[in-house]
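Asks: Sharing a structure, written as structure tokens. Questions coming.
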Amino acid sequence: MAMPIAVLVSGGGSNLQSIIDRIEAGMLDAEIKVVVSNREDAYGLTRARNHRIPTRVLLHTEFPSREAFDEELVRAIRESGVHESGAVVMAGFMRIVTPVFLEPFRGRVVNIHPALLPSFPGVRGQADAADYGVKISGCTVHFVDEQMDHGPVIIQAAVPCQPGEGGDALGARILKLEHRVLPQALQWLAEGRLEQRGRFVHLKPASRNLAMQPSAGVDTDTQALVWPPLEDGF
Ligand code: GRF
């Protein structure tokens, strides 16, 4: 059975689109039951509607506390048919979540961050990395815990930074990789291959015969090092 997922967005939703595309291509064994946004103008909602995916808007400004908002978020996700065996994906969801949200879905909430954590957490990950002058940056998919951009790491992709490159250009290159590592991480979750041991996420071998991409881990187009390596289709 396809893994039921809820996707949370606040903006453009290109990561949501990457999930939709991989599902429609038959590479990701998941079904998006609902897309929830805390902003009614989020383009991610339009992307969902274009694919006839149910949407919900929950305006955080209308709730008296983070906990009250999270309670409603949990209700919306459960009503859509996503329960403990499903997953919740924070795909550009610009909210700090509380235990009220995390407890019901513990170990099943995944976030994508546009930097190599633990460096450059927060909303300006790409720009902060570029401004700092790092030589390598990238993106991280991780399980979500109570602290922002902090939970156990599932997969990371590292890219060389180009001289003089600003946050926007670096962010655009990183975003292309986000669109590959996030669906891959979700497919591992759907296959039951991710085992959490404290901070460590162990990737179990595939039960079927799966080819790793050639040049294991190093993507020749983008010069990115991706680890664990992407598998066929991602
Ligand atoms: C991505 O860079 C993601 O890593 C960050 O917010 C951005 C969202 O982009 N958390 P999009 O809405 O998926 O296009």
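Asks: Within region 14-31, identify whether any single residue is within 15 Å of the ligand (Cβ to nearest atom), over 26 Å from Gly192 (Cα atoms) and in contact (Cβ under 8 Å) with a residue 12 or more places away in the chain, and answer yes or no.
Replies: no
Asks: Considering every residue within region 32-40, establish whether at least one is at pLDDT 95 or above, outside any strand (DSSP E or B), under 23 Å from Trp188 (Cα atoms) and within 16 Å of the ligand (Cβ to nearest atom).
Replies: No - not one qualifying residue is present in region 32-40.
Asks: Just to check your reading of the model, which residue among Val159, Val141, Val134, Val110 is within 11 Å of the ligand (Cβ to nearest atom) and hydrophobic (A, V, I, L, M, F, W, C)? Steps first, answer last, please.
Replies: On the way: Val159 fails: within 11 Å of the ligand (Cβ to nearest atom); Val134 fails: within 11 Å of the ligand (Cβ to nearest atom); Val110 fails: within 11 Å of the ligand (Cβ to nearest atom).
Val141 is the lone residue from the list that is within 11 Å of the ligand (Cβ to nearest atom) and hydrophobic (A, V, I, L, M, F, W, C).
Asks: How many residues are among the aliphatic types (A, V, I, L, M) and on the phi > 0 side of the Ramachandran plot if we restrict to region 54-88?
Replies: 0
Asks: What are the residues in region 63-94 that are over 21 Å from Glu191 (Cβ atoms), within 16 Å of the ligand (Cβ to nearest atom) and either in contact with a strand residue (DSSP E or B) (Cβ under 8 Å, 6 or more places away or on another chain) or of a type in the set (Val, Ile, Thr) (or both), if any?
Replies: Gly92, Phe93
The values are calculated or read from the model by the stated rules, or taken from the named source; none is laboratory data. Since the structure is predicted, the reported quantities are computational estimates derived from the model, not experimental observations. All Cβ positions, glycine included, derive from the backbone under ideal geometry; neighbour counts span all protein chains shown.
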